[in-house]
Amino acid sequence: MGLFGKKSSKKNLGSTSAASGDYSMPDDTAVGSVDVVETSQTSPVVKTTPSNSSEDSKKKALLADEETGSEDGLNKPSDDKPLKEKLMEHLTVMWAAILGCCGLPKVLAVSLAAGAGIGAVTYLLATRGQAPMFPARVNVAFVGNSYFYVNDLPRFVENIAAGGKVYQDSCLHNSAGILEIIMTGNGMWNKWATKNAMIGGVKFEASNGNTEYLYDMGACSVPQLLTGHDKLVTSGDQLGSFIDDGENPCFQEDAYLEYQESFDYKGWDFVVITDQAKRMCFDDTRHEALAAFNYTYGPILKKKKISPIIVQPHAYQSSGANATGLSDLPTFTALVMEGALIYKKYLNQRIGLFQGAHIAPVGNAFLAVYEADKSMYKKLFLDDGVHPSGYGTFLYGTVIYATMMGYMPRYKDVVVDNMEDTLFGTARKLQASSSSAGFPSKEEAAILFRIAKKVALNGYKPKSLRGFKPETNAAEFIQEEVSSSSYEGDYSVEVYSGYQNYNPYYQDGGNNGYNDYYVDYSNGNNGGNGNGYNNGYNNGYNAAANYQAANNYGGYQQAAYGGNGYNNGNNNGNRQ
């Protein structure tokens, strides 16, 4: 059906000589340390419940025989879900029952005919309590920031799915939020030009006659990653459609751009998306993500039948990071989960039943480690106290894998010694190698594996979160815009000098009718008639209402960069 299999290049590769350059370690300390504006909203009061058991007894309990499948003592959250969500769960159970009666082939055929993506069907089949036998390969796209690129999470997930079961690609950018990465595109130019990232060890010949060694740095933009093409990506960003910060490899090297455009698009089952942790805690920055979901991600995911996995990133405490409004780890974790629930709720409204979004509760897993073993919790971080170490990436990868597949990776494949050379052996950059934490031993990996399973598959909620009641009303803020006949404005905004009208999904470099992505809401029209979305992007978004946008890009004003950064769009967009 054209959904599975690795992308293959149409281009011929030239010389077989290989070389790898010397590249400096990225500035991990600065990555992700985004200050959050003080807010008047009330944070939930979450208190940590102290444990009376010793650290040794906790370790022994967590190291209980994995093969027994015992989950004694799990405190699952109470059933306080809204009626609509309960009905959805009942429908899932009904599907499982139908599956048991009719068999996999018939149900799969009916589901796909009804518009379900393979990712959604795979997740539904997993509700039977058994690992689904189809598909043999799952295609997974990653869209995110340094939480993903540190220790190369995409390749780690690929490696823990033994036997080539997962194929991945990504579009990542340091410090990017969900909307900002749409504006900048890929940011791995100075991050993944390493020996492990070298493509084939050969030179690639561009149409201009130049030959270059190329490195696997991911797709040029989010739309290119998810759809296979983005005509707004041009050599050197000639159309001015992006914020060119010098970190997009497709704008820096023509050969790499041509290489990315040479792929046959195979389709994605899942897209794994993360935001900056702090940006998920407050409504003003949450709204930016929802707007991006509405006008960019949502239309693409729905048309391409891709199931989104929203990652709840970890909370942290670091002397180098601003923690305004985030009084302690449980509160921070709870607010991030609240943001993830809002994102899930909104995306489900946007893309429909069969592609329903799911949350990978990584932050809850980090907090569960904190409550179980504080000494191991410290090992989850690099020396900056913010980014995941080898321990942290292990927890990220296993939780994400379990959320996608509905079951854990094989115990014997991931609970191993010498992890640096095996599970992390193909990493394009491995920051954990130079950190004091290093990598988990086999015994420590067993503890992390069991916690990931409890949290991701069994609904385990850390003790300090059990009184938390999330508020998800923020997901409603854009409903009138979704159902209205048209919307006004754009993403725009004098963010960078010379990029005063960033509205590529409508403007198309000056021409209306950018229709590569979505026409489902336009009734075949190319903008201008006010029906539906008018090609998905007609007339932009009501910036004045939700982005303060007369002359600035609200989400990336001084609130997000502590008064420096984009600074209300009036400092020509130069990060300071």
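What follows draws every value from the coordinates through simple rules; no lab data is involved. Being a predicted model, the structure only gives us computed values, none of them experimental. Note: ideal-geometry Cβ built from the backbone for every residue, glycine included; neighbour counts use all protein chains shown.
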With +1 on the Cβ of every Lys and Arg and -1 on the Cβ of every Asp and Glu, the dipole magnitude of the range 356-435 about its Cα centre, in debye rounded to the nearest 20, is 140 debye
Based on other C-beta atoms within 10 Å, arrange GLU471, GLU261 from fewest to most. GLU471, GLU261
